[in-house]
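As C-alpha cells, the structure follows; a few thoughts come after it.
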Amino acid sequence: MSAAAPRLPALLEALGQRAPRGMVLGLDRVREALAALGDPHAALPAVHVAGTNGKGSVCAIVESIARAAGLRTGLYTSPHLSRFAERIRVGGEPIGDAAFEAALSAALERVPSPLTFFEALTVAAFVAFRDAGVDLAILEVGLGGRLDATNVIAAPLCTAITSIAFDHQAMLGPTLADIAREKAGILKPGAPAVLGPLAPEADAAIESVALAVGAGPRLRVARTGDGGGAGDIAVGRAGSGGRATRIAGPGRGAIEVELGLRGAHQAENAGVACGVAWQLAGRWPAIERALPAGLAAARWPGRLERIDASGAQVLLDCAHNPHGAEALAAWLDEEGPGPARTALVFGAMADKGWGEMLQMLAPRAQRRLYVTPQGRAAAPLEALRQVAPGEPIGDPGTAVARAIEGAAPGGLVVVAGSIYLIGEVRSALLGIAPDPVVAL
C-alpha cells in the first residue's frame, strides 16, 4: 500500500465488515448517501448495463472503444478477482490508492446511515468518477437492475441488457419473464437501449417495461448465425475460416475485426457494445471511428484467459452458472485440444446450478479435479463426484499444481465454476497479493 493512502487498509477492513449483510436491494440509502456527498452521479454521462451473463464483457468492450476514441473513462464492475480496486477503474486502470482512500472514506464515513458492502463501493465509484473528471462512466449492474444500487442514474446516455438466464431466482423471480422485468428496471425515459439475443419470453417482458417507461429506441442483436432482421445488429464470422468477427448495424457499414475477447459468445457481446457505441457516436463522433481498435484491444481478466504456468497452458473462465458453462463448453468444442488432453479443475458455490454446469463441462475433460473455493458455502466434493467421476482435492492450489504436473503435451488445464475460484487461482499464478476474500 502506498504511503499516500495510509488509511486504506483500515477502510478496506471496515468495508469487508459490511459484507455479512449481503445484498440488500433498494435505492433509498444510496440516494441519501449521494445527496450528502453533493450528488456526484447527477451530471455523470453514463452507460448502464444489466444481464445475467456478458454484462462485464460488454462494459469492458464499451470502455475500450471509448478510450480508443480519446475519452477519459470510468468503469465500475463487480466482483473483483484479486483486489477491491479492480472494481473502480479510471482510464483503463484500477483506481490508485490515494483516490480510492478518498472515495471510500466518503462512502463509509460521510453518509447519514451505514451502507451495505456493494452500496458503499457504488457510492465510492461515483465519488471517484466525479473527482477524476471522467468523460464517460460505464456502470455494470450488480444484481438484477430495478433495485440495484447503480440504478440511481436517472438519465443514462444508453442502457443495455446482454442476456437473460436463470440465476438468483430467490431475489429476481422464478421465471425468465420475472428476471427480465427486474433487469429492465434500468430502462429510462428517452434513453436508447441495446438488447442482446433473448428468449421470446424475456424479450416480451423487457419490451413491456420499455413501453411503460417511455424508453428510447431499442436495437436488438441477432443471435450468432441467425443473420438478423430489420433493425437488428447482425454478428457472425467474417468469411470462411479465421477468427475475425463481422458486425453490421442498421444504416452502417459492416465492421470486420478479430475481437480482443475470446469465444463465440463474445461476438454477441461485441454486437451489444457496438450498439451502445453507435448511440454514443452522436455525442462523440470519434467513437465510431474507434470501433475496430476498441474491439480489438478489449481485455477482461478471467474470461477465457490463458496463462502459461510451468510450461502448461491454464485457461481461467468465470463461468459460474449454467449459461456461462454452456459458453465455455462451446469454446472447448471449437478450440480446445479435446477431452484426452484437457484437465478440469472445478469448484462451485452450493447455491449455483453446479450439477448442470458439471454435466456440460465434464465430458470435455478426461481428468477432473474437484476443489472447495473460498467464499460462501461450496458444493460438496462428494456431490460433484456423484455427477461425474473425479479426484476430490479440496485445495485449489494443490489441484492446479497436480493438473499442471500431469498435463499432456499441447494440453490445457481449465479452471471454472466459481468467480471466487478464478480470483484465487489467478492471484497465485500471477503472483498478485489479493485482498481478503469477502463472501457475498
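The values are calculated or read from the model by the stated rules, or taken from the named source; none is laboratory data. Worth saying up front: this structure is predicted, and the values here are computed from it rather than measured. We place every Cβ from the backbone using ideal geometry, glycine too, and count neighbours over all the protein chains shown. Protein only, heavy atoms only, side chains kept; ligands, DNA and RNA dropped before computing areas. Shrake-Rupley method; radii C 1.70, N 1.55, O 1.52, S 1.80 Å.
Compute the FRET efficiency between LEU147 and SER427 as 1/(1 + (r/R0)^6), taking r as their Cβ-Cβ distance and R0 = 22 Å, and round to the nearest 0.05. According to the calculation, E is roughly 0.10.
Taking every alpha-carbon pair under 8 Å whose residues sit at least 6 apart, the range 239-356 reaches a relative contact order of 19 percent. Take 375-387, 324-336 and order them by the average number of nearby Cβ atoms within 10 Å per residue, most first; the result is 324-336, 375-387.
Can you check what the net charge comes to around ALA343, using other residues whose Cβ is under 12 Å from the Cβ of ALA343 (Lys, Arg +1; Asp, Glu -1)? Around ALA343, the surrounding residues sum to +3. Carbon-plus-sulfur accessible fraction, the range 113-216 (probe radius 1.4 Å, protein heavy atoms only): 60%. Taking 15 Å as the straight-line reach from the Cα of LYS352, the aspartates and glutamates in range (excluding those fewer than 8 positions away in the same chain) are ASP167, GLU326. I'd like the FRET efficiency for ASP333 and GLN366, computed as 1/(1 + (r/R0)^6) with the beta carbon distance as r and R0 of 22 Å, rounded to 0.05. Using R0 = 22 Å, I get an efficiency of 0.90.
Find the relative contact order for the chain and round it to a whole percent, using C-alpha pairs within less than 8 Å whose residues are 6+ positions apart. Relative contact order comes out at 15 percent. At a probe radius of 1.4 angstrom, the accessible area of the chain per residue rounds to 38 square angstrom.
All Cα-Cα distances of the range 30-140, cut into 10 Å bins from zero to the largest, leave 15, 49, 32, 4 percent in each bin in turn. Here the extension length gained between ALA35 and ALA98 equals 20.4 nm, from 0.36 nm per residue of separation less the Cα-Cα distance. Sum up the charges of everything whose Cβ sits under 13 Å from the Cβ of VAL209, counting Lys and Arg as +1 and Asp and Glu as -1, but leave VAL209 out. Around VAL209, the surrounding residues sum to +1.
For the range 358-424, the mean projected area of the C-alpha convex hull, equal to one quarter of the hull surface, is 4.4 nm². Neighbours of PRO434 by Cβ distance under 14 Å: Lys/Arg scored +1, Asp/Glu scored -1, total 0.
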